[in-house]
Amino acid sequence: MGFLTPWFLAGVIGVGLPVWLHLLKRHKTDPRPFPSLMFFERREQSSVVHRRLDYILLFILRAAMLVLLALLFAAPYINRSRPKATGQRLVVVAVDHSFSMRATQGGESRLDKAKREAQDILSKVPATNAAQVLALGGQVEAMTQQTNDPEALRAAVVSIQPTDGRASYSELARFARTLAESSKMPLEVHLVSDLQKSAMAAFNDVRMAGDTTLIVHPVGGEIPNWTVENVVAPTHVYDPKRVRITATIAGFAAPAAKRNVSLVLNGKPVQMKQVDVPANGRAQVEFLELPVSYGFNKCEVRIDSADALPGDDSFAFSVERLDPKKILFIDNGRGAKAELYLHTALVDASADAAFQIETQRPENVANASLNGYALAILNDPTTLPPGLEANLQTFVNGGKGLLVVLGTSSAALPKVPVEDDVIDTTRYAGREREIFLTISSFEGGHPVLKGVGRMDGVRFYQVTHVTPVKGHALATLNDETPLLLERQIGEGKVLVFASPLDNSVNDFPVHGAYFVPFVQQVATYLGGSGAEQPVNLVVDQYVELRTGESKNTAAEVLDPDGKRLLSAQEATTAKTYPVSREGFYEVTTATGKRSQVAVHADRRESDLAVIPKETLDLWQGTGSGGAGGEGTGAAAGGDSKIPWSLSPFLLLLLLGVALAESVVANGYLRPPAERPVIRKEAA
């Protein structure tokens with residue numbers, strides 16, 4: 001017998017508790033009234049009789065409870081024999097068909113070599129032994145059931161096709177552990193693979209179960225490989241001449257070399273550059289223009305193929321050409337500098353020119369249609385013309401965004417337009433005395449403020465004080481005046497900035513490192529259309545098809561060949577769908593939103609470095625005959641020893657002892673009946 005957690009046996013010292021209860025705490029005397037003790041001689045009462053255990057049966061039950069509890073936590077077990085059919089074992093042949101197995105050497109791919117090796121292994125399996133063929137990629141695919149039919153096994157090996165997924169040895173180990181438990185037979189697992197180091201996981205995840213023999217059959221080896229490792233590109237393009245695309249070219253176990261890098265748009269090369277890739281290193285190349293057409297565009301960065309794995313010599317990405325989003329700037333004519341600062345931050349300083357600003361007077365907007373605008377900015381409002389607030393209210397309720405900038409004239413208003421919080425007064429600090437307000441607290445995780453920084457050094461000399469009742473303060477000054485407030489109205493949002501966006505009463509626009517990202521993130525937050533589908537994914541990642549609000553509407557996924565991938569039921573119920581191969585997918589979500597998703601193989605597959613021999617030996621040792629094995633002779637026949645937990649029996653015994661203790665304690669410790677008190681009449 002053994003214990004899985006023997007240190008819990010220290011809990012046996014808890015037996016001292018019933019000893020203390022039954023021995024040291026036994027002697028108790030009830031005080032009795034007596035007229036006088038002055039004529040009695042003082043003496044010590046013998047305590048020997050009080051040191052004897054009382055309620056022996058109750059003491060034994062309580063001590064047994066504590067011992068059983070300590071044993072239960074120590075998790076005892078015994079080794080039991082598990083009968084095995086003599087000479088019988090289950091042979092598992094796992095063929096790696098991940099992306100790296102596409103590499104060719106001597107005119108033959110690694111997968112073709114692996115399939116030939118698998119056929120050779122199956123030919124040596126005795127007819128009395130069952131076998132099973134697996135295809136190993138990001139997941140384990142069982143190509144056959146456990147069978148003795150050699151024809152079915154050979155046909156399964158032939159049917160294995162290359163994939164674009166990443167190999168995972170932890171998935172193979174998990175499958176083998178489950179199979180060993182269910183089959184009750186020793187396993188002989190043959191792994192035919194290029195043994196990529198990048199496919200290994202944490203050692204506990206790849207361990208094999210006892211009675212499992214792992215035999216590896218390496219195909220290929222570490223060879224030089226160059227790849228387009230990554231591409232950083234915008235998902236939306238508004239001005240083709242203001243696009244920056246950065247590609248990283250990596251060489252794995254490769255010497256220094258020059259590589260020609262091409263930017264391909266919809267199948268046609270549009271730019272080409274040459275880059276020097278250092279030995280076993282990386283180099284970057286930039287393209288500063290992308291002449292995309294409106295709509296979705298299929299783009300790639302390619303290098304000239306000069307290695308055994310040409311599949312990773314290109315990196316696909318998807319780009320959508322859109323018109324810039326229109327911002328309505330509502331100003332009464334006094335905000336010329338505010339408009340200038342906004343234009344500089346949103347248009348001149350923006351890398352993609354996603355916005356364009358259109359200025360209108362309040363009276364021209366009061367009854368005009370606002371459907372063409374992504375967001376509106378109401379700058380320094382004073383007296384609003386009739387209909388303007390109602391029009392903006394409708395605009396926000398429909399899902400759009402509004403920024404209200406409270407300037408020097410806004411203190412005359414009783415409340416913030418549309419947002420509806422009360423304007424109290426104007427807080428002013430005199431410049432001549434160098435008194436100013438600074439930001440003391442803000443929600444750095446909010447999308448508007450994330451990455452902007454603490455805005456140290458920004459000085460505010462005048463702000464409009466608003467009491468946040470309906471809105472929520474996102475940033476506060478050091479005198480507790482809210483600087484930035486937010487309120488959700490209908491489907492849209494309203495932000496309130498309590499100081500002008502020019503430098504009339506603050507120096508915020510002068511601090512470009514804070515002002516530019518703040519304005520850009522406000523515009524993106526208010527003018528965006530919510531979270532968007534990622535359009536550049538890795539094989540085996542998922543595209544999102546629906547949220548909880550769109551359960552019965554149909555979604556659609558088309559693969560790179562234009563084939564529909566969803567069944568009728570999946571189209572109306574599936575929330576996500578895995579993309580399993582490289583190329584461009586067309587996705588229509590349940591809300592009707594269309595997107596083009598570019599999928600590429602995991603670039604960890606491009607590193608063909610193999611598992612070190614010492615690591616491989618340790619991994620093989622976790623099965624039979626190794627540190628993790630139990631009974632090395634099982635593969636040759638006979639019984640194997642498996643741990644069998646005694647905890648369920650201890651738990652039942654503990655429950656019985658606890659019930660017995662409760663019954664005995666109820667009988668022993670019931671308070672005695674009240675004795676009648678006889679009072680004698682005084683003579």
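The values are calculated or read from the model by the stated rules, or taken from the named source; none is laboratory data. Predicted model, so just to flag it, every value in this text is computed and none were measured. Cβ sites come from the backbone with ideal geometry, for glycine too, and all protein chains shown count toward neighbours. Keep in mind that these areas ignore ligands, DNA and RNA; they rest on the heavy atoms of the full protein, side chains included. Shrake-Rupley method; radii C 1.70, N 1.55, O 1.52, S 1.80 Å.
Points to keep in mind about this one:
- Leu608 long-range amide H proximity, modeled H, under 5 Å: Ile223
- Using θ = phi - 60° and Karplus 6.51 cos²θ - 1.76 cosθ + 1.60, couplings along segment 285-295 (whole Hz; Gly, Pro as x): 9, 10, 10, 10, 7, 9, x, 7, 9, 5, x
- The string of couplings for segment 497-510 from the Karplus curve (6.51, -1.76, 1.60, θ = phi - 60°) is 10, 8, 8, x, 8, 10, 9, 6, 10, 7, 10, 4, x, 6 Hz, one whole number per residue in order, with x for Gly and Pro.
- FRET efficiency estimate (nearest 0.05) - Cβ-Cβ, Ile56 to Thr588, R0 60 angstrom: 0.15
- Each DSSP beta bridge with both residues in the chain is either parallel or antiparallel, and the antiparallel ones are about 65%.
- For Leu646, nonlocal amide neighbours, meaning residues 5 or more places apart or on other chains whose placed amide H falls under 5 Å from its own, are Tyr77, Ile78.
- Residue-by-residue Karplus 3J(HN,Hα) for segment 375-380, coefficients 6.51, -1.76, 1.60, Hz, glycine and proline x: 7, 10, 10, 9, 9, 6
- Amide H partners (placed H, <5 Å) of Ala103, local residues excluded: Arg110
- In terms of its alpha-carbon gyration tensor, segment 314-448 comes out oblate; a/c meets the 1.5 threshold, while b/c is at least as large as a/b.
- Pairs beyond 19 Å (Cα-Cα), from Lys268/Lys325; Lys326/Lys470; Lys197/Lys258; Lys325/Lys400; Lys493/Lys593: Lys268/Lys325; Lys326/Lys470; Lys197/Lys258; Lys493/Lys593
- The stretch between Gln88 and Glu289, if pulled fully straight at 0.36 nm per residue, gains 65.8 nm over its current Cα-Cα span.
- At q = 0.10, 0.12, 0.16, 0.25 Å⁻¹ the log10 of I(q)/I(0) for segment 280-367 amounts to -0.50, -0.62, -0.83, -1.26, computed by Debye summation with a single uniform scatterer per C-alpha, solvent ignored.
- Of the whole protein surface, Asp540 contributes about 70 Å² of accessible area at a 1.4 Å probe radius.
- Descending semi-axes in whole angstrom, ellipsoid equivalent of segment 158-266, from the Cα gyration tensor: 42, 18, 13
- A Förster radius of 60 Å, combined with the Cβ-Cβ distance separating Arg581 from Glu363, puts the computed FRET efficiency at roughly 0.55.
- For the chain, calculated [θ]222 nm from helices alone, where every DSSP H run of n ≥ 4 adds -39500 (n - 2.57): -6000 deg cm²/dmol
- Approximate spin-label separation Ala412-Thr467, in nm, with each point projected 7 Å along Cα-to-Cβ: 2.3 nm
- Taking 7 Å steps out from each Cα toward its Cβ at Thr438 and Leu653 produces label points 7.0 nm apart.
- In this simple spin-label approximation, Ala665 and Tyr542 carry label points 7 Å from Cα along the Cα→Cβ vector, and these lie 5.0 nm apart.
- Read-out volume of the Cα convex hull per residue in Å³, derived from the coordinates shown; its label in (1) 365; (2) 305; (3) 170: (1)
- Put a plus charge on the Cβ of each Lys and Arg, a minus charge on the Cβ of each Asp and Glu, and nothing anywhere else: the dipole of the chain about its Cα centre is then about 2780 debye.
- Extension gain from Thr104 to Met1, taking 0.36 nm per residue of separation minus the Cα-Cα distance: 31.7 nm
- Using a cutoff of 8 angstrom between alpha carbon atoms and counting only pairs six or more residues apart, the relative contact order for the chain works out to 15 percent.
- With DNA, RNA and ligands ignored, accessible area of Glu181 (1.4 Å probe; Å², nearest 10): 110 Å²
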